[in-house]
Amino acid sequence: MPGQWGRGYSLGPVTGLTDLVRDFDGDVGVYVRRLPSGEEIAIRPDEVFPTASLIKVPILIATFAAIERGDIDYDDELIYDASREYPGHDLLGSFRDGETITVSRLVHLRLSLSDNTASLWLQELAGTGTAMNDWLVSGGFEHTRVNSRTPGREADTTSSAGARRHPERWPS
């Protein structure tokens, strides 16, 4: 069946994906690449959009790069301060001042619950949004930027085509 990614299948026609997003009440950009074959589908790939939770991918990459460099340890125990809370309904935001949490738990909350408070704390531990933006620029990510709590930035942005570089540009 075209459009499925099982063994022996192709991405199939883009028309099915186009039909799927045509009636969506909002802006949609899509970029899909099957790494083994290089097949691609793109809808508005170069248009710049707010990143939403997609920005958490470079934050996670930067976190593991900081662990690899020895700047932080995966099992480091941290002390929560309520001033870190990101408005919303994050699990980490329900912690009380003085409670402890490990870096590994922050990663878990960020991956499993898309916890914004955990993600912003990891951003800080990994070297701040400014350092991550320097890495994104050096890696050729033309439009992808970390802006939350980053001086001089307004809104997180990326393009769907720009985001495609993530699997191929991991820090060494």
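Only the coordinates and a few stated rules stand behind these numbers; no lab work does. As the structure is a prediction and not an experimental result, all values here were calculated from the model. Every residue, glycine as well, gets a Cβ built from its backbone with ideal geometry; the counts of neighbours run over all protein chains shown.
Between S94 and L111, the simple spin-label model (points 7 angstrom out along Cα→Cβ) gives 2.2 nm.
Rounded to whole numbers, the Karplus 3J(HN,Hα) couplings from phi for the stretch 40-50 are 9, 10, 9, 10, 6, x, 9, 6, 8, 10, x Hz, using 6.51 cos²θ - 1.76 cosθ + 1.60 with θ = phi - 60°, and x at Gly and Pro. Taking the stretch 67-89 and a reference point 7 angstrom along Cα→Cβ of E124, the backbone N atoms nearer than 11 Å belong to 79-86.
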